[in-house]
Amino acid sequence: MSRLRQLGRDSLIYGFGVVLAKGIGFFLLPVFTRIYSPAEYGTIEMLGVITSFVSALLVMGLDSAQSFYFFEQKARGRAEQARLISAILQWRLTWGMAIVIVATLATPLLEALFFNAHLGWGSFAAAFVGALFTQVMSQSVEVFRLLYRPWPYVLVTLAHSAGAGALVLILVLGFDQGIFGYFAGSMLASACVAGVGWWLARDYLDFTRLQRDWWPRLLRFGVPLVPAGLAMFVMNTCDRWFVQHYQGDEALGLYAVGAKFALVVALAIETFRKAWWPIAMDAMYSDDGPETYRTLARMFMGVGVAAVVYLSFVSPWLVVWLTAPAFHSAWPIVGVLAWQSLLYGFYLIASAGIWKVEKTSYSMYLMAAAATLNLALNWLLTPSYGGMGAALATVTSYLVWIAATLVLSEKLWPVGFPIFLLTAQVALGAVCVAWVTLAGADSWLVGPAVHAAVLLLLGSALDRRGWAALLRRGRLANV
């Protein structure tokens with residue numbers, strides 16, 4: 001219960017920050033969908049996809065290594081933790097500059113393959129350099145998360161989102177920089193906020209020398225995660241590639257807008273991930289760890305599926321209210337793609353056994369298999385069913401990946417996950433989302449059915465002991 005209370009407190013703070021930070025980009029959607037046409041929005045999305053591939057190469061699995069070894073070095077004091085963090089930053093700067101230079105030199109090839117040679121090298125350079133600065137900034141704020149200090153994390157992240165939004169609008173509206181302005185504004189914001197983040201985290205920096213002695217150990221931990229990261233890149237982005245190839249830039253723009261609305265669920269999932277990861281590492285080495293994981297699995301899936309169902313129900317009105325008329329047909333994709341974020345968030349719970357026994361290579365094999373399945377399903381479904389086929393292919397591959405991860409993790413570290421209940425929660429949510437998508441939210445039966453399903457899912461999030469604890473707490477509060 002102490003860990004759950006810690007998770008609840010931190011989640012509220014992270015949630016406040018994440019909603020504000022991500023909400024800035026979300027509420028700029030009405031502006032961007034009126035500045036850019038669906039085809040231009042599709043071009044922005046595709047360059048973002050390519051940039052995410054560069055980001056996967058920049059990470060090198062060292063974000064997970066920092067979380068893992070930070071707690072291992074805790075007993076040795078802050079000086080050793082500072083050496084660890086500095087070693088990661090030094091590697092990231094060295095390796096990152098090399099990757100950015102190579103990626104920028106490949107601009108002519110990328111333009112010819114994906115953009116009909118109309119973007120120019122400046123947009124590519126701004127996107128790739130911005131990706132490096134974003135990784136540098138992210139590492140600084142991760143230090144605060146590992147220290148259970150959510151407020152600095154929130155403030156720096158919020159400054160990044162607000163700064164990026166402001167600079168993009170200045171460059172696009174004030175200086176008519178078009179697509180280049182979108183990426184240049186984000187790059188400038190990332191560079192400035194990265195400096196602020198590391199100044200705040202300066203107590204955990206030691207640049208008195210190059211911390212190369214840490215690099216072999218870090219790379220042994222992180223390199224097996226690189227193929228997993230690339231596989232995750234395929235899982236997250238191959239739907240975009242197929243939609244653009246078979247349907248064109250305009251269809252990709254509509255798909256991207258639908259994905260933006262699905263990020264409403266991703267905001268809550270990101271909040272959970274930020275708060276849960278340090279607690280998960282601590283619980284993993286405690287006697288009550290399995291009980292903590294079982295409880296969180298039931299609660300996460302019950303509440304998460306309820307959120308997906310309700311977002312699917314309200315998505316027609318959200319899309320109409322917040323986008324230009326050219327984007328209104330994107331609403332059916334929202335409810336389907338929301339499952340992607342939910343299942344991705346559950347991975348941190350389902351993969352407990354893999355982390356417990358330090359078999360990170362298993363993650364690579366599981367993700368590679370899921371990525372292969374994703375490619376196959378997109379190849380089968382996207383040509384005939386367009387964006388909806390791509391969305392179904394992506395979500396199906398995520399579901400298979402999480403199920404396989406849960407089975408393997410349970411064998412490595414028996415937690416006793418409530419498999420039957422989790423399956424029932426997912427099945428009920430899938431039926432509701434399919435009904436809303438096919439029948440439309442205007443059908444008179446859909447509203448009552450959705451609300452009944454949401455109540456049932458929320459009720460399944462707690463067992464009898466959990467409900468008893470809530471009732472006791474309510475009586476004490478009344479006293």
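A few notes on this one:
- Only helical runs count toward this figure. For the chain, summing -39,500 (n - 2.57) over DSSP H runs of n ≥ 4 and dividing by all residues gives -28500 deg cm²/dmol at 222 nm.
- Among Ile179, Ile99, Ile349, Ile170, the order by Cβ neighbours within 10 angstrom, fewest to most, reads Ile170, Ile99, Ile179, Ile349.
- Residue order, fewest to most surrounding Cβ atoms within 10 angstrom, among Cys192, Cys432: Cys192, Cys432
- Relative contact order for segment 309-384, counting Cα pairs under 8 Å that sit 6 or more residues apart, in percent: 21 percent
- Pairs from the table (Lys356/Lys411; Lys22/Lys359; Lys260/Lys356) lying more than 23 angstrom apart at Cα are Lys22/Lys359; Lys260/Lys356.
- Per the Cα gyration tensor, segment 61-222 maps to an equivalent ellipsoid with semi-axes of 32, 20, 11 Å, ordered largest to smallest.
- Spin-label model distance (nm) - Leu458 vs Phe27, 7 Å beyond Cα toward Cβ: 2.4 nm
- Among Glu142, Glu40, the order by Cβ neighbours within 10 angstrom, fewest to most, reads Glu40, Glu142.
- Burial ranking of peptide ranges 180-187, 321-328 (average Cβ count within 10 Å, highest at the top): 180-187, 321-328
- Approximate spin-label separation Ile170-Arg217, in nm, with each point projected 7 Å along Cα-to-Cβ: 4.3 nm
- The chain, relative contact order in percent, only Cα pairs under 8 angstrom and at least six apart counted: 21 percent
- Volume per residue that the Cα convex hull of the chain spans, once the total is divided by residue count, Å³: 154 Å³
- Around Lys359: net Lys/Arg minus Asp/Glu count, Cβ-Cβ under 15 Å: +1
Bear in mind these aren't lab numbers, they're just calculated from the coordinates by the rules spelled out. These numbers were taken from a predicted model, which means no experiment stands behind them. Don't worry about glycine lacking a Cβ; one is built from the backbone with ideal geometry, like all the others, and counts go over all protein chains shown.
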